1. Considering only residues that are touching a residue at least 60 places away in the same chain (Cβ under 8 Å), closer than 15 Å to residue 103 by Cα and assigned to a loop (DSSP other than H, G, I, E, B), which ones fall in the stretch 1-23?
2. Just checking, which of 243, 193 is crowded, with 20+ Cβ neighbours inside 10 Å and assigned to a helix (DSSP H, G or I)?
3. Any chance you could count how many residues in the stretch 107-142 are out of contact with any helix residue (DSSP H, G or I) (no Cβ under 8 Å at 6 or more places or on another chain) and surrounded by fewer than 23 Cβ atoms within 10 Å (Cβ to Cβ)?
4. Considering every residue within the stretch 100-108, establish whether at least one is under 14 Å from residue 211 (Cα atoms), at pLDDT 95 or above, part of a loop (DSSP other than H, G, I, E, B) and over 19 Å from the mean Cα position of the chain (by Cα).
5. Working only within the stretch 291-320, note down all residues that are part of a loop (DSSP other than H, G, I, E, B) and at negative phi.
6. Out of 229, 195, 168, which single residue is within 14 Å of residue 117 (Cα to Cα) and touching a helix residue (DSSP H, G or I) at 6+ places or on another chain (Cβ under 7 Å)?
7. Looking at the stretch 220-238, is at least one residue in a strand (DSSP E or B) and either within 28 Å of residue 126 (Cβ to Cβ) or modelled with pLDDT of 95 or more (or both)?
């Protein structure tokens, strides 16, 4: 059997409690030979020592200071030399055909990313995400979150972006885009990558046979300051830089309505202060926004991708997508 021309990159922060199960599942892969790089984000637990002792073939890199998800993943991406790279959360395990199925989905040269079927680790293993969806009001959502796992077989193959919990990429393609945007630190960086790939004329597809089990919220605090600050800032940066101006104009009123409802939701969670601080930070990021707009203009100029083509990838039924249209 041919070895996988792939590198699995695992960002790790104080994940010792997850690593034994994850490494065991990677050892059971039906397709062998993938290089594994664990990038430790200045952890204080014994994860690095465990990996060096129990898994000596794993490459362990260590950040001198905490960089967050994007910077940690990029350290692994820069160290990789294979045709394909895979980002995999430390709080996951994977089915034995996860790697083989994900790589097999690259069956056309314009496919630059593949989204796994990420299911909740706890039975009955409902869907966590079948790839990311992005709406015309500038917010991402997990496709089919909470639905029965079996329903994934009938989903459309094309998807906006791959969730960073288990995302396959052509290494050369994302390297050409500068890898993940480290200024985002954490959250929305996978959506940002999907958006930039779209402007480059490339596709992301969903592969339901590449199954990953995710311990939801095990690796972050869903009520923490950083989560709400970074999510708000990064979502606004993407809206200001990657969303076509024609869509921003057409859905300006809907965007204002969405933001008002979102703020009320954050207030109920007790996280409105962090959310507002993140949006203020985005408003002040003048140089960042200018640079990303210039980068997008160059991508569009090189690829010939139009605003209309980007708009076709967006979800217009934002009310239903973000949960407010459900009965």
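1. Selection gives 4, 5.
2. 193
3. Total meeting the criteria: 10.
4. No, the conditions are met nowhere in the stretch 100-108.
5. Listed by number, the residues that qualify are 305, 306, 312, 313, 314, 316, 317.
6. Unique residue meeting the criteria: 168.
7. no
Yes/no per residue for (1) touching a residue at least 40 places away in the same chain (Cβ under 8 Å); (2) in contact with a strand residue (DSSP E or B) (Cβ under 8 Å, 6 or more places away or on another chain); (3) farther than 20 Å from residue 305 by Cβ:
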residue: 171; (1), (2), (3): yes, yes, yes
residue: 181; (1), (2), (3): yes, no, no
residue: 211; (1), (2), (3): yes, yes, yes
residue: 216; (1), (2), (3): yes, yes, yes
residue: 231; (1), (2), (3): yes, no, yes
residue: 234; (1), (2), (3): yes, no, yes
residue: 238; (1), (2), (3): yes, no, no
residue: 245; (1), (2), (3): yes, no, no
residue: 265; (1), (2), (3): no, no, yes
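The values are calculated or read from the model by the stated rules, or taken from the named source; none is laboratory data. Predicted model only: the values in this text are computed from it and were never measured. Every residue, glycine as well, gets a Cβ built from its backbone with ideal geometry; the counts of neighbours run over all protein chains shown.
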